[in-house]
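The values are calculated or read from the model by the stated rules, or taken from the named source; none is laboratory data. Keep in mind that this is a model prediction, so the values were computed, not measured. Every residue, glycine as well, gets a Cβ built from its backbone with ideal geometry; the counts of neighbours run over all protein chains shown. The accessibility values were calculated without ligands, DNA or RNA, using every heavy atom of the protein model including side chains. Shrake-Rupley method; radii C 1.70, N 1.55, O 1.52, S 1.80 Å.
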Amino acid sequence: MNATPGREIIVVGSLNADLGIYTQRHPQPGETLHGHGFNVGPGGKSANQAVAAAKLGGRVALIGAVGNDANGAMLLDSCRAAGVDVSSVYRRGQVETGVAVITVDASGENTIVISAGANGTLDREDVEQEEQRFAQAGVVCLCLEVDPDTVLAAAQAGQRHGATVLLNLSPYAEVEPALVQATDVLLVNVHEASQFLGGQPLPDAQAPLAAWSAVTDLLSTRGIRNAVITLGSEGSVVLQAGIEAVRIAPTKVKAIDTTGAGDAFTGALAARLAAGDPLHSAAAYASRSAALATTAKGTQAAYPDAGRLESSFGTSQV
C-alpha cells in the first residue's frame, strides 16, 4: 500500500457546478422557504478532492469531463488556480456540465441533488487513453459519481502500475468484487461502512478499540485490508488487517458549511499517502484539513493550504 513519495495523484471522476443556497432550516416535502446567499461555485466530488490535494502540496492530475459551457470553464479555471493538471479533462460539446443543487441550513448541514451531465459521458475508453499517466501515479483517487465501469477501469490501471488505489465509496452503491480487489484503501463514513458490510451494526464512536477488531475482520472477508471510517463530529477510525485499530480524535471547530468536507478529507488523505505517510498519520492530517474546510462557505475556495493548516494547528499538528 505504500505510495512512492513524489509521484502524481490521479483523480478520476466528477466535476459539477454547485448551485448553493442558505436557509434557516431544510424544507419539509411540499414546503417553500425563503433562502439567502445564493451562489454558483466549482464542485463535484472528484474536482473537490483534486483541489484539496493540490492545495496541500500534492502533484495532481484530474481525469473527467465537462460541457463546453460557462460552468465547465469555471470548473477548469478553479482547478488550474489550485495547481491541478486538467489536460485530461474532456470538453463535451453535446452535453452540459454536471450540476449539484445544494441547500445548507443554519447549522451548516446540507442536502444535495446532482445531475450528472457530462460526468455521465466519462467512460472506460477515456480512462484507457490515459494509460501513460497512470504509470506516473503514486495514488489513484476514486469515488462513485461516474459510471462504475469507469471507476473500475481507473482502479485496475492504478493497480497495474503499482499505485495506491484510494476508493471513497460515495455516493454509496454496491460495487463488484473486481473493484474491491483493486482497492488498497477504502474510505467510508459509518453508514456506508455498515451498508458495505450488509447492514452490520458498527461500534459507536466511544466503543473501546477492541470492539473494532470484528469490523476489521469483516472488511478482510470482503477483500479490504485497509480502511478509514469517518464518524462525523466524533472523528474517525483507521482499520488495518493485523494491526490494532487507531482512533483519530475529532478536530473541534465552529462549522459554517459542511458541504464538501468529506472531499477535503479524501483529498488530504490522498496527498499524505502520496507523500509516503502511514495511513493513521494521513488520516489525522485529513481530519484537521476537513475540519478547517467547514469554517468557511463553499467547497474548493474553503479548502486550506498547508500554510493555513500550520497557522491553525501548529507544526506539531500538521
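Which of the helices in the chain meet the span-like rule: DSSP H, Cα axial reach of 30 Å or more, Kyte-Doolittle mean at least 0.0?
On the way: long enough: none.
Span-like helices, by this rule, are absent here.
Just flag the trypsin sites (Lys or Arg not before Pro) in region 192-298 sitting in loop per DSSP whose Cβ has no more than 11 other Cβ atoms within 10 Å.
Numbers: sites: ARG222, ARG225, ARG247, LYS252, LYS254, ARG272, ARG288, LYS297; in loops: ARG222, ARG225, LYS252, LYS254, LYS297.
Sparse-neighbourhood loop trypsin sites (Lys or Arg not before Pro): LYS252, LYS254.
Dipole of the chain, Cα-centred, from +1 at each Lys and Arg C-beta and -1 at each Asp and Glu C-beta, to the nearest 20 debye? Please report the intermediate quantities before stating the final value.
On the way: 20 positive and 31 negative charges, 168 e Å.
In debye, rounded to 20, the chain gives about 800.
Using only Cα atoms, figure out Rg for region 4-43 and give it as a multiple of 2.2 N^0.38 Å. Spell out each step's value before the answer.
Numbers: Rg = 17.6 Å, N = 40, 2.2 N^0.38 = 8.9 Å.
Normalised Cα radius of gyration, region 4-43: 1.97.
Please work out the Cα center distance from region 93-135 to region 181-196, rounded to the nearest Å.
That distance is 20 Å.
Over region 237-305, give the accessible area per residue in Å² for a 1.4 Å probe, as an integer. Show your work: numbers first, answer last.
Values: 2300 Å² over 69 residues.
Counting only protein heavy atoms, the per-residue value for region 237-305 is 33 Å².
Among the trypsin sites (Lys or Arg not before Pro) within region 1-67, which fall in a DSSP loop and have no more than 15 other Cβ atoms within 10 Å of their own Cβ? Mind dumping the intermediate values first?
Details: sites: ARG7, ARG25, LYS45, LYS55, ARG59; in loops: ARG7, ARG25, ARG59.
Counting only loop positions with at most 15 other Cβ atoms within 10 Å, the trypsin sites (Lys or Arg not before Pro) in region 1-67 are ARG25.
What number comes out for accessible area per residue over region 90-210 if the probe is 1.4 Å? Units Å², please.
Numbers: 5170 Å² over 121 residues.
Accessible surface, normalised per residue, equals 43 Å².
Starting from region 108-175, pick out the GluC sites (Glu not before Pro) whose DSSP state is loop and whose Cβ has at most 15 other Cβ atoms within 10 Å. Each step should come with its number before you reach the end.
On the way: sites: GLU109, GLU125, GLU128, GLU130, GLU131, GLU145, GLU174; in loops: GLU109, GLU130, GLU145, GLU174.
Here the sparse-neighbourhood loop sites are GLU109, GLU174.
Looking at the chain, send over the antiparallel percent of its DSSP beta bridges, to the nearest 5.
Working: 21 of 54 bridges.
That works out to approximately 40 percent antiparallel.
Looking at region 48-144 from every direction and averaging, what is the projected area of its Cα convex hull in nm²?
Values: hull surface 29.0 nm².
Computing the convex hull of the Cα atoms and averaging its projections yields 7.2 nm².
Between beta-carbons, use under 10 Å as the cut-off and find the net charge around GLY260, counting Lys and Arg +1, Asp and Glu -1. The partial results should precede the final answer.
Values: positive: LYS45; negative: ASP18, ASP257, ASP263.
So the environment of GLY260 carries a net charge of -2.
Could you tell me the center-to-center distance, by alpha carbons, between region 274-317 and region 223-242 in angstrom?
Region 274-317 and region 223-242 have Cα centres separated by 18 Å.
Accessible area of the chain with a 1.4 Å probe: how many percent of it is carbon plus sulfur?
On the way: 6720 of 13060 Å².
Percent of accessible area from carbon and sulfur atoms in the chain: 51.
How large is ³J(HN,Hα), in whole Hz, for each residue of region 131-144 in order, when computed from phi with the Karplus curve 6.51 cos²θ - 1.76 cosθ + 1.60 and θ = phi - 60°, using x for Gly and Pro?
Here the 3J(HN,Hα) series is 3, 5, 5, 5, 5, 9, 7, x, 9, 10, 10, 10, 9, 10 Hz.
Amide H neighbours of ASN189 under 5 Å, at least 5 residues apart or on other chains, H built in the peptide plane: list them.
THR230
Among PRO29, PRO177, PRO304, whose mean-square fluctuation peaks in a Gaussian network model of the chain (Cα, cutoff 10 Å)?
PRO29
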